[in-house]
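Student: Mind looking over this structure? Questions follow.
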């Protein structure tokens, strides 16, 4: 098995090196070959510098940079299309997931083409949980999803899905679009529970009101596109 793992990172200098080093160690134990890609999304701290330094020490680590902050979805897309191996894993750069659980997803690749993690217990403030519940309910209704946790940033995906889906979303809709297109193309989607931990450094941005309102507006536009997509 060969896996490309990537992390979108914005102002994660306190988290990203530890995360990348642990991911490299985990993948070395289960893969024939692998790469760890850090996508610095125009960070204002030293995320770019510490990522580049790590890449110079570890041949498996690749450091990519957006000169300006382009948003979460854009950083995820950069990681997706930079990935070179037949399986692609991604999680966030904030360290709220344990990459030591990647093997849980890898064990299901003989049954599924996309393995979606779901948070067993979400370690976020109440309002963030409430927003996520409202969002998830709406998405499942519109696209007839059966997954428990649409936006869980702990996924293992066949690269061919990403190549065929050609994700367009630049914001919070990236996971929704990915799952909607994978489902429409007939790929097998599986799930496994993973642990979620409180953020210990850095600042969350996804719960900002402007981000949420923009995401709901884009959701209905995506729904219309998905109905026509592939025809």
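The values are calculated or read from the model by the stated rules, or taken from the named source; none is laboratory data. Computed from a prediction, not measured in an experiment: that's the story for all the values here. So basically every Cβ, Gly included, is an ideal-geometry build from the backbone, and we count neighbours across all protein chains shown.
Student: Would it be correct to say that residue 149 is outside any helix (DSSP H, G or I) and touching a strand residue (DSSP E or B) at 6+ places or on another chain (Cβ under 6 Å)?
Tutor: Here the answer is yes, as residue 149 does meet what is asked.
Student: Here is a follow-up. Looking at the range 112-126, can you tell me whether even one residue there is in contact with a helix residue (DSSP H, G or I) (Cβ under 9 Å, 6 or more places away or on another chain) and at pLDDT below 90?
Tutor: yes
Student: Can you name every residue in the range 136-163 that is more than 18 Å from the chain's Cα centre (by Cα), within 30 Å of residue 84 (Cα to Cα) and exposed (fewer than 13 other Cβ atoms within 10 Å of the Cβ)?
Tutor: 146, the sole residue that qualifies.
Student: Does any residue of the range 112-135 turn out to be farther than 20 Å from residue 196 by Cβ and surrounded by fewer than 16 Cβ atoms within 10 Å (Cβ to Cβ)?
Tutor: No, that holds for no residue.
Student: Quick check: anything in the range 74-85 over 22 Å from residue 166 (Cα atoms) and in contact (Cβ under 8 Å) with a residue 24 or more places away in the chain?
Tutor: Just the residues of the range 74-85 that are over 22 Å from residue 166 (Cα atoms), to begin with: none.
For the range 74-85, residues over 22 Å from residue 166 (Cα atoms) and in contact (Cβ under 8 Å) with a residue 24 or more places away in the chain: absent.
Student: To continue, here is another question. Could you tell me which residue of the range 110-135 is farthest from residue 1 (Cα to Cα), considering only residues that are out of contact with any strand residue (DSSP E or B) (no Cβ under 7 Å at 6 or more places or on another chain) and not in a helix (DSSP H, G or I)? Quick ask: steps written out before the conclusion?
Tutor: To start, the set of residues in the range 110-135 that are out of contact with any strand residue (DSSP E or B) (no Cβ under 7 Å at 6 or more places or on another chain) comprises 110, 124-135.
If we keep only those that are not in a helix (DSSP H, G or I) as well, we get 110, 124-125.
Numbers: 110: 11, 124: 33, 125: 37 Å.
Across the range 110-135, the extreme among qualifying residues is 125.
To keep it simple, each residue is scored yes or no on (1) in contact with a strand residue (DSSP E or B) (Cβ under 6 Å, 6 or more places away or on another chain); (2) free of Cβ contacts under 8 Å to residues at least 60 places away in the same chain; (3) buried (at least 22 other Cβ atoms within 10 Å of the Cβ).
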site	(1), (2), (3)
28	no, yes, no
33	yes, yes, no
36	yes, yes, yes
63	yes, yes, yes
